[in-house]
Amino acid sequence: MIEEKKKISEHALYGAFWRNNNFAGNYNFERLMALGMTQVMIPIFRSLGYTGEKLKKGYERHLVFYNTHPYFGSLIMGVMVAMEEAKANDESITPSAINDVKVAMMGPFAGIGDSFFWGTIHPIIFAIAANLALEENFLGVIISLLIGVIAVLGTYYPFFWGYRAGVGVVEQIRSSEILDKFVLGAKVVGMTVAGVMVASLINISTPLVLFQTEAEGSGVVLQDLLDSILPKALPLALLFGVFFLLKKKVSPIVVMLILIVLTVLFTTLGWI
Amino acid sequence: MWKEAFYVFLVAGGWSLFLKTIPEVIVILSKKESKFAAWWITIMRGLNDAANYAYIIPAALTGLVLGDLRTGLFIGGTIQLMFLGVFIVGASIPPNPFLAAILSTALVILTDANAGEAIALVVPLSIAAQLLTLGFMSLNVFFVHWADRMAANENTVGLDLLNTLGGTGWILVNAIPAFLGVALGIEPAARLLSIIPDWLSAGLGATGGILPALGFGMLLLIIASNEVWPFFFIGFLAAAYMNINAVAGAILGVCLALVYVRLKTGPFKKAEQQ
């Protein structure tokens, strides 16, 4: 008797796809996105006809620590769905093999997702939108909605790519170097735009006049002096001060408080 | 202020109770999956993400429902720049200005506070929102243990609902304080601002131009490496001397990326290796 190969129905696949949106529904300190991952499996197990002990074991193996990038992580969800389908047909795939793949992928994928989506794409959109909004232009809101378009496409494509390619996705990524190129390119864009934004969006200048005497027009306007050396030198210096502190593992909250105290102090003294 | 507070509740995420949570619960209870429902819910998630990350949207919508869109846009844009580059990395939760964007917009529109004074409230409110997030993450530990018991009892619908309503809970973590803030907090906040001395509120207002440095610093911590630092300075010099904006910067960056990646990995490199 030939047993028919078990396959996940298309509807169940879409059921997993929308549940993937709730990846952080139960974001918690103990296991982070564990329940989010488990919920994705609900229509999958239903479609594979799991009941009883099989279903319990299925939920158990996904209710474990899981944390990755919200968008790019859907690729891992897709791979997990593919692995569950494979496991339904081949009992030799162990729960620990499934978990190993998950653990191996979540760290690097979080890194790629953070630098690509959070570090590059979002700041570019925000900078453009904020400049429009400051001019009280409603286009600022329209541009901001691109974040939503990216959220939808950035989960749809990785999820179905992950499902189709299965575990092979890791090998695909490694051999084609496509992702490496993509991330490097995104970093170049991100760094260029960060440079532009540091010069154009950090707003700090000084009204100080040095060596002023009684005579009219005497003294050296410090800002003019700075501008003749390097325009926007103060924003750049401020950025490197902050970057240095963050590199020294000073908590961002502390840096924020330092910045606020210094800003109030210098504004009151009339230095900036 | 209750009517205003209700409108603000809706724009602070309350809308998604109707457009996202209800469809989700219907799909879960009926146990019938469909492509249409999947796409609908995903698109609603996209809108929700846009509002959660792009603080211009909640600020502008608050301005719209309270009758002053321009103020909303201005405050949203200011806050967006202050927090650009501040995001969740790993499991560390940063201050979140979503609530601040809504409440400072409401404060300016509903009282005679000016935008500079309202910006002074952004940082304390963002830290308060961060504490709410941390609190909800602690509460969720209890729920994940409940999920363990549901899994052992094969309670599929229970698991499905628990995580979905947890997602709704994250929305309420924003929407309920926004509602209460507008209903009860506007007058006390306005009184608080009126006793803050001028020098302090002027100083706090000036942080709007300074705090982007923190966001950029955090951003660089993520993406900077020796290999890509030169591109930062190219962008910086282009903007410092030629005053190019972010759009031009993005185009410049894409050009540099295409050239650099091709030089590094493309046909030239391959020819060299042969």
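The values are calculated or read from the model by the stated rules, or taken from the named source; none is laboratory data. Quick caveat, the model's predicted, so the values are computed rather than measured. With ideal geometry, Cβ positions are generated from the backbone for all residues, glycine too; neighbour counts draw on all protein chains shown.
Filter the range A:234-272 for residues that are β-branched (Val, Ile, Thr) and surrounded by fewer than 18 Cβ atoms within 10 Å (Cβ to Cβ); which is farthest from the chain's Cα centre (by Cα)?
A:268
How many of the residues in the range A:8-41 are without any contact (Cβ under 8 Å) to a residue 60 or more places away in the chain, among the aromatic types (Phe, Trp, Tyr) and in a helix (DSSP H, G or I)?
2
Among the residues of the range A:106-158, which ones are among the charged types (D, E, K, R) and within 7 Å of chain B (Cβ to nearest Cβ)? First the steps, then the outcome.
Let us first name the residues in the range A:106-158 that are among the charged types (D, E, K, R), namely A:114, A:135-136.
Of everything in the range A:106-158, those that are among the charged types (D, E, K, R) and within 7 Å of chain B (Cβ to nearest Cβ) turn out to be A:114, A:136.
Among the candidates A:17, A:65, A:23, which residue alone is of a type outside the set (D, E, K, R), within 27 Å of residue B:173 (Cβ to Cβ) and surrounded by fewer than 24 Cβ atoms within 10 Å (Cβ to Cβ)?
After applying the criteria, what remains is A:65.
When you go through (1) surrounded by fewer than 22 Cβ atoms within 10 Å (Cβ to Cβ); (2) facing chain B (nearest Cβ under 7 Å); (3) in contact with a Phe, Trp or Tyr (Cβ under 7 Å, 6 or more places away or on another chain); (4) in contact (Cβ under 8 Å) with a residue 12 or more places away in the chain one by one for residue A:82, which number turns out not to apply?
Status for residue A:82: all satisfied but (2).
What's the number of the only condition in (1) within 14 Å of residue B:218 (Cβ to Cβ); (2) facing chain B (nearest Cβ under 8 Å) that residue A:267 fails to meet?
Single failed check for residue A:267: (1).
Tally up the residues in the range B:120-164 that are closer than 24 Å to residue B:29 by Cα and not in a helix (DSSP H, G or I), please.
So the count comes out to 3.
Quick check, is residue A:36 of a type in the set (Gly, Ala, Ser), more than 21 Å from the chain's Cα centre (by Cα) and at the interface with chain B (Cβ under 8 Å from one of its Cβ atoms)?
In short, no.
State yes or no: is residue B:257 more than 25 Å from the chain's Cα centre (by Cα), under 27 Å from residue B:76 (Cα atoms) and in a helix (DSSP H, G or I)?
No, not satisfied.
Which residue pairs have Cβ atoms closer than 8 Å, lie 6 or more positions apart in sequence or on different chains, and pair a first residue in the range B:233-259 that is within 7 Å of another protein chain (Cβ to nearest Cβ) with a second residue that is in a helix (DSSP H, G or I) and among the aromatic types (Phe, Trp, Tyr)?
Listed pairs, sorted by first residue: B:253/B:231; B:256/B:231.
Taking the stated definitions as given, is residue A:71 within 11 Å of chain B (Cβ to nearest Cβ), out of contact with any Ser or Thr (no Cβ under 8 Å at 6 or more places or on another chain) and buried (at least 20 other Cβ atoms within 10 Å of the Cβ)?
It is false that residue A:71 is within 11 Å of chain B (Cβ to nearest Cβ), out of contact with any Ser or Thr (no Cβ under 8 Å at 6 or more places or on another chain) and buried (at least 20 other Cβ atoms within 10 Å of the Cβ).
Just to be sure, is residue A:44 touching a residue at least 24 places away in the same chain (Cβ under 8 Å), more than 23 Å from residue B:50 (Cα to Cα), more than 9 Å from chain B (Cβ to nearest Cβ) and surrounded by fewer than 22 Cβ atoms within 10 Å (Cβ to Cβ)? Don't jump to the end; show me each part of the working.
On the way: touching a residue at least 24 places away in the same chain (Cβ under 8 Å): yes; more than 23 Å from residue B:50 (Cα to Cα): yes; more than 9 Å from chain B (Cβ to nearest Cβ): yes; surrounded by fewer than 22 Cβ atoms within 10 Å (Cβ to Cβ): no.
Spelling it out, it is not the case that residue A:44 is touching a residue at least 24 places away in the same chain (Cβ under 8 Å), more than 23 Å from residue B:50 (Cα to Cα), more than 9 Å from chain B (Cβ to nearest Cβ) and surrounded by fewer than 22 Cβ atoms within 10 Å (Cβ to Cβ).
Counting only residues that are within 10 Å of another protein chain (Cβ to nearest Cβ), give me the helices (runs of 4 or more DSSP H) lying completely in the range B:8-115 with at least 2 of them.
Passing ranges, in order: B:22-30, B:35-53, B:56-66, B:69-82.
Within the range B:17-47, which residues are under 11 Å from residue B:175 (Cβ atoms) and buried (at least 20 other Cβ atoms within 10 Å of the Cβ)?
none
Does residue B:136 meet the test of being in contact with a Pro (Cβ under 7 Å, 6 or more places away or on another chain), assigned by TED's automatic domain parsing to the domain that holds residue B:180 and not small (Gly, Ala, Ser)? Give the derivation first.
Details: in contact with a Pro (Cβ under 7 Å, 6 or more places away or on another chain): no; assigned by TED's automatic domain parsing to the domain that holds residue B:180: yes; not small (Gly, Ala, Ser): yes.
When the stated conditions are applied, residue B:136 does not pass them.
Residues in the range B:175-185: is at least one loosely packed, with under 15 Cβ neighbours inside 10 Å, within 24 Å of residue B:96 (Cα to Cα) and in the same structural domain as residue B:74 (by TED's automatic domain parsing)?
Yes, there is a match, as at least one residue in the range B:175-185 is loosely packed, with under 15 Cβ neighbours inside 10 Å, within 24 Å of residue B:96 (Cα to Cα) and in the same structural domain as residue B:74 (by TED's automatic domain parsing).
Each row is one residue, and each column tells you yes or no for (1) within 10 Å of chain B (Cβ to nearest Cβ); (2) farther than 30 Å from residue B:130 by Cα; (3) touching a residue at least 40 places away in the same chain (Cβ under 8 Å); (4) part of a helix (DSSP H, G or I).
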{"residue": "A:204", "(1), (2), (3), (4)": "yes, no, yes, no"}
{"residue": "A:217", "(1), (2), (3), (4)": "no, yes, no, no"}
{"residue": "A:241", "(1), (2), (3), (4)": "yes, no, no, yes"}
{"residue": "A:255", "(1), (2), (3), (4)": "yes, no, no, yes"}
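Please enumerate the residues belonging to the range A:141-182 that are acidic (Asp, Glu) and in a helix (DSSP H, G or I). Talk me through it step by step, then tell me what you get.
Quick first cut of the range A:141-182, residues acidic (Asp, Glu) only: A:171, A:177, A:180.
Answer for the range A:141-182, where residues must be acidic (Asp, Glu) and in a helix (DSSP H, G or I): A:171, A:180.
Somewhere in the range B:84-100, is a residue more than 28 Å from residue A:107 (Cβ to Cβ), touching a residue at least 24 places away in the same chain (Cβ under 8 Å) and of a type outside the set (A, V, I, L, M, F, W, C)?
Yes, the range B:84-100 contains at least one residue that is more than 28 Å from residue A:107 (Cβ to Cβ), touching a residue at least 24 places away in the same chain (Cβ under 8 Å) and of a type outside the set (A, V, I, L, M, F, W, C).
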